[in-house]
Amino acid sequence: MSSQEYNPTKIEDLIQKFWKANDSFKAEPSELKEKFYCLSMFPYPSGKLHMGHVRNYTIGDVISRFKRMQGFNVLQPMGWDAFGLPAENAAIENNVSPKEWTNQNIKSMKIQLDALGLSYDWSREINTSSPDYFKWEQWFFIQLLKGGLVERKKSEVNWDPVDKTVLANEQVIDGKGWRSGAEIERKKINQYFLKITSYAEELLAGLEKLDSWPNQVKLMQKNWIGKSKGLSFHFDIKNNKGVLQVFTTRPDTIFGTTYCAIALDHPLSNSLKTKNASINRFINENQTNKKTEAAIAKQEKIGIDTGLKAIHPITKDEIPIWIANFVLMEYGSGAVMCVPGHDQRDYEFAKKYKLPILQVIETLAGENIDEHALEAKGTLINSGEYNGLDSEQAFSQISKDLAAYNNAKIEINFRLRDWGISRQRYWGCPIPIIHCEECGQVPVAETDLPVELPDIKEDISKGMSLSSFDEWKKTKCPNCNKDAVRETDTFDTFFESSWYAARFASQPNDSMLGKDADYWLPVDHYIGGIEHAILHLLYARFFNLLLRDQKLINSSEPFKRLLTQGMVLSDAFFTKDLNGNPEWVNKDFVTGDDGQLKLNDGREVFKDGMSKMSKSKLNGIDPNIMIEKYGADTVRLYMMFTSPPEQSLEWSDTAIEGSYRFLKKIWNLISSRKIYSKNAPEFFEPDELMLRQKSHQTLKKVTNDFAKRNSFNTAIASVMELLNAVPEPFKEDEANDAQQFCLDEVIRFTLKMLSPITPHICLYLWKEYSDSDGNDFESNWPAVDEDFLKLDDFQLIIQVNGKVRGKEQVAIDWEQPEIEQLAKANENVKKILANAPIKKVIYVKEKLINFVI
């Protein structure tokens, strides 16, 4: 066998050609094997992989390769989340059309993915911007429309009057459009909504069955769905015919109500702003603020007194009504009773505007409201006839009493709102609706699908909304054949990513999903970032229920097991400009040590510490450079070894060098050897048996780390420990048959155990070491021989004060007193214990004994 130097570029090219020639990863349904569907969240085709991609896709590939070696029929596909604003913006910057930009990037990123040795079935590749894909979501939308699950209604949005498009809250900066710089208007326009609220209860209940999802993700979804039981009732308004309808989950605190608050766009607010200049100015100044709950939680709570008084339904006290920026019309009735003594948000607002704060709940801890609101439940005080009741009793009694004269009723409410799927942009899937003056809203005839985008040929920066394509809009009504216009909104890109897992599982040409879908679904293992814990995963679960109810699939949940990998972090560095503001610099231009960092021009450099790799901080690491320098296997090994997959990974140039050295160590151990071809010897010496025991213990642990724990870093550490346990004489040319046999077992197990992580070097060495064609190497996993886990003796580690001072072979059936005597008799240990009384003895069965002196 060759003793050449380890050359990852050459080896990886050869092995990747081998996989391609053998179509190694193509997946077809089979009745002979149990299926395993592994899926990583597909990327937006930006043209360049970042280290977050590399980590995500390596994790998925390790899982897929291990399951394939265990004998499963594995499907691991890949595709592209190609529509959306990022492609539009990048296309404008690069002076090409979004379609051309996207297709170019797909080609380059596919090359990068292949360079990592990822075991994808590329025959199932998806491009969501392809008419072959979005035709079926247009078809599906029409079915949902027919089934009453689509609604078109007016909804208030952020409207950019220059770009003539709706902007997400995140695209409004200081009240201006992020791209045009124009003052944003709050505008009500017609939009399409999917009735996800019809599935709120099932989506909530389904979380209980997802045993292999992180609890954190399930809690985030549960809170987003937000099921709550509360009381709906009203306040009369003094000198006003109307009433203020509110909903509260805490009717037990009703006696603590000192003011009411309404949303800026509440009907009462709208009626007041036409009569009151101050109110009109306040609403106009605040209506473009971000309206996400997360943003509202952070922003300053401000309001304006309307001058109106609400009449407390029980005490009949007059309570001021305020317009406040923390109340959303989208939730409940757009009006709330405010109890500052027992709600922190209400408390902060009351402090700011010097409104009364009353305590009406006494907690077990006996706290007061001097410093903050008391949000815990307890016993009612200062609540009239309800004093002494606990919160649950008061909920029931107050609800019952108000029902008698206030039309109050207990309701179940959900925080979840219907999913607005309309987007006013060019690069997206056209919504298949035609607007006819005679017939109204009419779905496109199914025979006319897909509705494709108009081509951008000349002015590529023009028309980033379909509304500007006048000729494209012109069409005929499918019902009456009169002139009509196309819908110019496109689908939210979550629409594409909500069903791609099912399409991967079934690639028919003449239907949305074929018969193979139910063979592969649900996905057995799904991998992606925690940032998608709510919207993507919730919409995907919702879509799966829609597909089920349309009889397209049988499963109710799309993903059985979920792994949310941590971020990849790297040190960031900056200098300061003349005003003291940070200017980020690439670490490659930084010299010196942590005590005195500088640039070549002498400017002082400051270290910002570890943060997520990003373009803005210039702290990204180019995967291409790493692969060219060390090889894909080293990058994969480093990604899996440095930290558990759920935790953040801190990039270290020194550590990746260590991963490279480890692979060279394996290469040097194996590359000049041949497989031991003789039968197992009849007799093994104790050190030989110990190594065999270590081999099978390691195999069992690594198998468990892969199969149950996704603990790849500990699996790698165990393999390293096994290699370090090989006695040097076993590696010599003069080694006897038993020693060669034991070393051969170590080598075979090592190549198998590392194959999912470092597939190129393992397959290459296996082919050379065993003189096999390698075709079956990646389709079987070695079996643990349980007999070697139950040997007659074991190696006892002897410690004194936690430090290893000796080792002894001990019979497996010895009890602790016998083991203590043997340990004390060890020559080195005996010297240390000679004049020191033993305070404590710690014995870990069949592993170690520790004398504390």
(request) For the range 634-677, name all the residues that are small (Gly, Ala, Ser) and within 19 Å of Asp705 (Cβ to Cβ). (result) Ser643, Ser659
(request) Go through the range 553-571 and count every residue that is in a loop (DSSP other than H, G, I, E, B) and either within 30 Å of Gly620 (Cα to Cα) or of a type outside the set (Asp, Glu) (or both). (result) 8
(request) Might you check whether a residue that is touching a Pro at 6+ places or on another chain (Cβ under 9 Å) and modelled with pLDDT under 95 occurs anywhere in the range 581-601? (result) no
(message) Here is a list: Ser198, Ser212, Ser155. Which entry is under 23 Å from Asn413 (Cα atoms), in contact with a strand residue (DSSP E or B) (Cβ under 6 Å, 6 or more places away or on another chain) and touching a residue at least 40 places away in the same chain (Cβ under 8 Å)?
(response) Ser155
(request) Being closer than 12 Å to Phe282 by Cα and assigned to a strand (DSSP E or B) is the filter here, so list the residues in the range 303-328 that pass it. (result) Gly303, Ile304, Asp305, Thr306, Trp322, Ile323, Ala324
(request) Please specify each residue of the range 90-102 satisfying the condition of being buried (at least 16 other Cβ atoms within 10 Å of the Cβ), assigned to a helix (DSSP H, G or I) and not basic (Lys, Arg). (result) Ala90, Ala91, Ile92, Pro98, Trp101, Thr102
(message) From the list Ile670, Ile666, exactly one residue is surrounded by 16 or more Cβ atoms within 10 Å (Cβ to Cβ), closer than 30 Å to Leu569 by Cα, in the same structural domain as Ala717 (by TED's automatic domain parsing) and out of contact with any strand residue (DSSP E or B) (no Cβ under 9 Å at 6 or more places or on another chain). Which is it?
(response) Ile666
(message) Of the residues Gly60, Gly79, only one is modelled with pLDDT of 95 or more and touching an Asp or Glu at 6+ places or on another chain (Cβ under 8 Å); which?
(response) Gly79
(request) Report yes if Gln344 is surrounded by fewer than 17 Cβ atoms within 10 Å (Cβ to Cβ) and among the polar types (S, T, N, Q), otherwise no. (result) yes
(request) All but one of (1) in a helix (DSSP H, G or I); (2) free of Cβ contacts under 8 Å to residues at least 60 places away in the same chain; (3) buried (at least 18 other Cβ atoms within 10 Å of the Cβ) hold for Asn105, so report the exception by its number. (result) (2)
(message) Suppose we filter Asp622, Asp571, Asp608 for residues that are surrounded by fewer than 16 Cβ atoms within 10 Å (Cβ to Cβ) and over 21 Å from His760 (Cβ atoms); which single one remains?
(response) Asp608
(request) Go through (1) out of contact with any Phe, Trp or Tyr (no Cβ under 7 Å at 6 or more places or on another chain); (2) modelled with pLDDT under 95; (3) under 28 Å from Leu402 (Cβ atoms) one by one and return the number of the condition Thr292 breaks. (result) (3)
(message) For the range 609-622, check the following and say yes or no: at least one residue is closer than 25 Å to His536 by Cα, touching a Lys or Arg at 6+ places or on another chain (Cβ under 7 Å) and at pLDDT below 90.
(response) yes
(request) Kindly provide the set of residues from the range 31-71 that are among the hydroxyl-bearing types (Ser, Thr, Tyr) and over 16 Å from Arg636 (Cβ atoms), ordered by number. (result) Tyr37, Tyr44, Ser46
(message) Can you tell me which of (1) within 20 Å of Leu691 (Cβ to Cβ); (2) part of a strand (DSSP E or B); (3) modelled with pLDDT of 90 or more is the one Ile849 doesn't meet?
(response) (1)
(message) Restricting to the range 419-440, count the residues that are surrounded by fewer than 19 Cβ atoms within 10 Å (Cβ to Cβ) and under 27 Å from Tyr331 (Cα atoms).
(response) 1
(message) Any residue that is within 21 Å of the chain's Cα centre (by Cα) and crowded, with 17+ Cβ neighbours inside 10 Å - is there at least one of those in the range 128-146?
(response) yes
(request) Among the numbered conditions (1) part of a helix (DSSP H, G or I); (2) more than 23 Å from Ala572 (Cα to Cα), tell me where Gly658 comes up short. (result) (2)
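The values are calculated or read from the model by the stated rules, or taken from the named source; none is laboratory data. Quick caveat, the model's predicted, so the values are computed rather than measured. Heads up, the Cβs are rebuilt from the backbone with ideal geometry, glycines too, and the neighbour counts pull from every protein chain shown.
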